[in-house]
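*Asks:* Structure below; questions to follow.
The values are calculated or read from the model by the stated rules, or taken from the named source; none is laboratory data. Quick caveat, the model's predicted, so the values are computed rather than measured. In this analysis, Cβ positions are derived from the backbone assuming ideal geometry, glycine residues included, and neighbour counts consider all displayed protein chains. For the accessible areas, the whole protein counts, side chains as well, though only heavy atoms, and no ligand, DNA or RNA atoms are used. Shrake-Rupley method; radii C 1.70, N 1.55, O 1.52, S 1.80 Å.
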Amino acid sequence: MLTLIIEADGAAPRALRLARFPSRIGRQADSDVRLAGWRVARLHAEIHRIERGFKLVDCGSLGGTWVNGQKLAGGVVTVGTEVTVGRTVLQLLPGDLVVPVPPSDRASFGPVLGQSLPMRQLFALLERVAPTDVPVLLEGEEGSGRTLVAKAIHASSRFAASPVMVVDFRRAPGDRPSLAAIARGHETFTLLLDYLDQALAADMTALHTLYERREEGVLDARIIATSTTDLRAQADVPGARFRRELLVHAAAVRLMVPPLSARVEDIPLLVRQFAREICGAEPEFGPSDFDRAMARAYPGNVRELRALMVKALQVEAAPPTLPPSGVARGRAALVMPLNVRPKPPPPKVARDRLVAFFEHEWYASRLAACHNNYSEMARALALPRRELLKRMKALGFSVPDR
């Protein structure tokens, strides 16, 4: 499936899904992509599905079919390509296919940060998708930032001033908002369907109706869904619970949010941002300060990285323990409220704590890999054993005297 973002002269962008190939572009009534304008031929061009992607063929039009400023008679086009027909621009985007695209030059999209190639490819798609009304499916691992990407899409759309209604399908039906109630209670809104892969059969029936109402223009809503699994693969399994026809609606554009393991070079950028958020100011990091943080694995992705930084900087602590009863408890409650938390450290202290924390974690992981054998670890690191013990002792390890 392919999604076209259609930007006609002076009109708001609109999305059109193509599921049948070849798809015809032109003025005639039975065109799959019907366009207006005297520069558009009755049968102007065709899009063919081929093994390597898509092929665009001009059907002998007088005005021509233009790709990135060049007149094209026929050739393979990649997802992300802009095609000009008359005074209309068509942008080719992936439907239920995950296809790499030429990367953006930007290092952020709203609050979403990243300068790695996978993130800049994601930003290139978001630049095209966010301003439209097209439904989006965001797939990715736990903690990779799917919800933050969804919020960035909302903030960049015409729905930015409208409420975001969240339906989390991990919750039991009685513990989350009803889809019917949301549709009745709001004229214009963004609907975030979190963990769509965990929707029940009854949910999918209601969702199918909701998507159809949106496509008919009855419901003015932007629908963004998230999933931690590949819904296309899940829907293709015989007897699968997830319905293929719902995927056609939900994944008009399907985007993959990369895990942190695929974007390790973004860790310094994220550490700086989280340090600013936690401390209120950015510590002065050196080029080598991120080495240990980048060498670590993060099964919980970006969420785990931030949680570790909070732990390292000790800005979250358990509530203070109060005396069990009596006057002493009352006095302690007055001077030490239950919601008290330690203040963030100053930037220089924060930098030292973070570097030491990730250094400690790195040495601990190496020691575990060597089965707690310091001699074996020293050989693996090509260090004298005495030097290794000295370094580890400075980091707070309880090490042998020699």
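*Asks:* Expressed in whole Å with the largest first, what are the equivalent ellipsoid semi-axes of segment 179-320 derived from the C-alpha gyration tensor as the square root of 5 times each eigenvalue?
*Replies:* The three semi-axes for segment 179-320 are 39, 20, 14 Å.
*Asks:* By how many degrees, between 0 and 90 and to the nearest 10, does the Cα long axis of helix 146-155 differ from the longest principal axis of the chain?
*Replies:* 50
*Asks:* Suppose every K and R has +1 on its Cβ and every D and E has -1 on its Cβ; what is the size of the dipole of the chain about the Cα centre, in Debye to the nearest 20?
*Replies:* Here the chain has a charge dipole of around 780 debye.
*Asks:* Any chance you could look up the accessible area of K55 with a 1.4 Å probe, heavy atoms only, rounded to 10 Å²?
*Replies:* Answer for K55: close to 80 Å² accessible.
*Asks:* What is the calculated FRET efficiency for A202 to T228, with r their C-beta to C-beta distance and R₀ = 30 Å, to the nearest 0.05?
*Replies:* Plugging the Cβ-Cβ distance into 1/(1 + (r/R0)^6) gives 0.90.
*Asks:* Stretched out fully, how many nm does the piece from T209 to T78 gain, at 0.36 nm a residue minus the Cα gap?
*Replies:* Stretched out fully, the T209 to T78 stretch lengthens by 43.9 nm.
*Asks:* Please list 3J(HN,Hα) in residue order for segment 185-195, calculated via the Karplus relation 6.51 cos²θ - 1.76 cosθ + 1.60 where θ = phi - 60°; whole Hz, with x for glycine and proline.
*Replies:* For segment 185-195, the Karplus-derived couplings read x, 9, 7, 9, 6, 9, 10, 9, 9, 7, 6 Hz, x marking Gly and Pro.
*Asks:* Take every Cα-Cα pair in segment 1-73 and report what % of them are more than 21 Å apart.
*Replies:* 22
*Asks:* A follow-up question, please. Based on a Kirkwood Rh over C-alpha pairs, give the Stokes-Einstein translational diffusion coefficient of the chain at 4 °C and viscosity 1.567 mPa s in µm²/s.
*Replies:* Rounded to a whole number, D works out at 52 µm²/s.
*Asks:* Can you give the FRET efficiency for E284 and E376, using 1/(1 + (r/R0)^6), R0 = 25 Å, r = Cβ-Cβ distance, to the nearest 0.05?
*Replies:* About 0.10, to the nearest 0.05.
*Asks:* Using only alpha carbon pairs under 8 Å that are at least six residues apart, calculate the relative contact order of the chain and give it in whole percent.
*Replies:* About 12 percent, as a whole number.
*Asks:* Using the scaling law 2.2 N^0.38 Å as the reference, what is the normalised Cα Rg of segment 152-219?
*Replies:* This ratio for segment 152-219 stands at 1.11.
*Asks:* For V164 and H48, compute 0.36 nm times the residue count separating them, minus their Cα-Cα distance, and round to one decimal in nm.
*Replies:* 38.0 nm
*Asks:* Angle check, please: helix 267-279 long axis (alpha carbons) against the longest principal axis of the chain (alpha carbons), in degrees 0 to 90, nearest 10.
*Replies:* With both axes taken from Cα atoms, the answer is about 70 degrees.
*Asks:* Using θ = phi - 60° and the Karplus curve 6.51 cos²θ - 1.76 cosθ + 1.60, what whole-Hz ³J(HN,Hα) does each residue of segment 252-260 get, with Gly and Pro shown as x?
*Replies:* 3, 10, 10, 10, 9, 8, x, x, 5
*Asks:* Also: With labels modelled as points extended 7 Å from the Cα through the Cβ direction, what inter-label distance (nm, one decimal) is found for R176 paired with A295?
*Replies:* 4.2
*Asks:* Out of the DSSP beta bridges found with both residues in the chain, what percent are antiparallel (nearest 5)?
*Replies:* Around 65 percent antiparallel, to the nearest 5.
*Asks:* While we're looking at this one, here's another question. Only loop residues by DSSP count here, and only those with at most 15 other Cβ atoms within 10 Å; note down the GluC sites (Glu not before Pro) in segment 177-236 that meet that.
*Replies:* Taking segment 177-236 and a limit of 15 other Cβ atoms within 10 Å, the loop GluC sites (Glu not before Pro) found are E187, E216.
*Asks:* Okay, moving on. Relative to the longest principal Cα axis of the chain, at what angle does helix 301-313 sit, 0 to 90 degrees, rounded to 10?
*Replies:* Value to nearest ten degrees: 30.
*Asks:* Let me ask something additional. Counting pairs of alpha carbon atoms under 8 Å apart in space and at least six apart in sequence, what relative contact order in percent does segment 209-301 give?
*Replies:* 20
*Asks:* For the chain, what is the mean residue ellipticity at 222 nm derived from helices alone (per DSSP H run of n ≥ 4: -39500 (n - 2.57); sum divided by total residues; nearest 500 deg cm²/dmol)?
*Replies:* It lands at -10500 deg cm²/dmol.
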